[in-house]
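As structure tokens, the structure follows; a few thoughts come after it.
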Amino acid sequence: MGPKNKQESHNSPCLAVAIGGLELKNPLMTASGTFGYGEEFAPFVALNRLGAVIVKGLSLEPRSGNPPPRIMETPSGMLNAVGLQNVGARAFIAEKLPFLRQYNVAVIANIFGETVEEYQRVAEILSGAKGIHGIEINISCPNVNKGGLAFGARPDAAAEVTEKVRGETDLPLLVKLTPNVTDITEVALAVEAAGADAVSLINTLTGMSVDIELRRPHLANITGGLSGPAIRPIALRMVWQVANAVKIPVVGIGGIMSAADALEFLITGASAVQIGTANFIRPAATMEILDGIVNYMIRHGIGDITELIGSLNTNQAGEG
């Protein structure tokens, strides 16, 4: 998807960004698993105004996900153990993608698997479909051939799945990093070397919640992924670390609820942002955030979004 022509007037700032080989009209993306397949949010969001729609994670075969209860509100956040429920790659192409093809918006397919071979097969299937403009690899999934350890937990495993998927597709390739590691920059550097065009971070942090009356976990799965404003400072710190370590674009994710939150990530070094949990609270959150970024740029006389990206001044941190 090509960006709109650059507008130099501060009354109409240019929001176009490049994520690897993917040209976006603006840096606003929807986070996988929080926006369905796009159609569910169409009554609330002008899809054509988004930079990209990242659809619900897709596997080789359909998945029914985990048994309920699988969502729990927590202080300033949400735990989810949905279990990557989805229709499967082939059904997505046949049943969901035709709707998205009606819009002038980049469509990025998030993919996952339990083996490297599954990742490869899903990427191969999706790469042949008209209307998919990029692939995002979820490496937070357990590798059944390595004792259930997540692909993203070790740089070598993350690099292997990235390299194998890279061999199956010419589409721009994003790798979504897990924060549940000792040093996220090691994993980012490994997937960059393996052929990733960009990295997106962070995925959810592992957490849990207990019903003290029943003395049982609130989630049937016991643990779940923590998202929302509670994780934003951690996500921002990790985006800053990774943006200073890799040469490829970084996409920031984690508790972005407002334009101010999104701007923090852009200033810190993210070339784009993904909006996740906010979609559940305010279905039109992406539109509000986009309008807020434009207003900020006009107010500060900024004609091009690229002037903001990575503009963090750390020389006098905390002063002024």
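The values are calculated or read from the model by the stated rules, or taken from the named source; none is laboratory data. Since the model is a prediction, treat every value here as computed from it, not as a measurement. Every residue, glycine among them, receives a Cβ derived from its backbone with ideal geometry; neighbour counts consider all protein chains shown.
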- What pairs can you find where one residue is in segment 79-92 and charged (D, E, K, R), the other is crowded, with 18+ Cβ neighbours inside 10 Å and in a loop (DSSP other than H, G, I, E, B), and their Cβ atoms are less than 9 Å apart, with a gap of 6+ or different chains? Arg90/Leu60
- Note on the structure: Residue pairs qualifying under the 8 Å Cβ cut-off, at least six apart or on distinct chains, with the first in segment 231-245 being over 20 Å from Met78 (Cβ atoms) and the second being in a helix (DSSP H, G or I) and of a type in the set (A, V, I, L, M), are Gln241/Ile184; Val242/Ile184; Val242/Ala188; Ala245/Ala188; Ala245/Leu189
- Message: All but one of (1) in a loop (DSSP other than H, G, I, E, B); (2) touching a residue at least 40 places away in the same chain (Cβ under 8 Å); (3) not hydroxyl-bearing (Ser, Thr, Tyr) hold for Leu263; state the number of the condition that does not hold.
- Response: (1)
- Item | Pairs with Cβ under 8 Å, 6+ apart, first in segment 296-313 and in contact (Cβ under 8 Å) with a residue 24 or more places away in the chain and among the β-branched types (Val, Ile, Thr), second in a loop (DSSP other than H, G, I, E, B) and surrounded by fewer than 17 Cβ atoms within 10 Å (Cβ to Cβ) | Ile298/His10; Ile298/Asn11; Ile302/His10
- Note on the structure: Restricted to segment 267-312 and to residues being within 15 Å of the chain's Cα centre (by Cα) and either of a type in the set (Gly, Ala, Ser) or in a helix (DSSP H, G or I) (or both), the residue nearest to Arg49 (Cα to Cα) is Thr286
- Query: If you go through segment 59-70 one residue at a time, do you hit one that is surrounded by fewer than 19 Cβ atoms within 10 Å (Cβ to Cβ), at pLDDT 95 or above, farther than 30 Å from Ala153 by Cα and not small (Gly, Ala, Ser)?
  - Reply: no
- Note on the structure: Only one of Arg237, Arg232, Arg216 is surrounded by fewer than 24 Cβ atoms within 10 Å (Cβ to Cβ) and either in contact with a helix residue (DSSP H, G or I) (Cβ under 8 Å, 6 or more places away or on another chain) or at positive phi (or both), namely Arg232
- Restricted to segment 96-137 and to residues being part of a loop (DSSP other than H, G, I, E, B) and of a type in the set (A, V, I, L, M, F, W, C), the residue surrounded by the most Cβ atoms within 10 Å (Cβ to Cβ) is Phe112
- Within the group Ala272, Ala243, which residue is within 11 Å of Leu201 (Cβ to Cβ) and among the aliphatic types (A, V, I, L, M)? Ala243
- Message: Step by step: first the residues of segment 229-257, then only those that are among the small types (Gly, Ala, Ser), closer than 28 Å to Gly65 by Cα and part of a helix (DSSP H, G or I), then the one that is farthest from the chain's Cα centre (by Cα). Which residue is that?
- Response: Ala230
- With respect to Asn26, determine if the residue is at pLDDT 95 or above, more than 30 Å from Pro217 (Cβ to Cβ) and within 16 Å of the chain's Cα centre (by Cα). yes
- Item | Of all residues in segment 31-79 being assigned to a strand (DSSP E or B) and under 22 Å from Tyr119 (Cβ atoms), the one that is farthest from the chain's Cα centre (by Cα) | Arg63
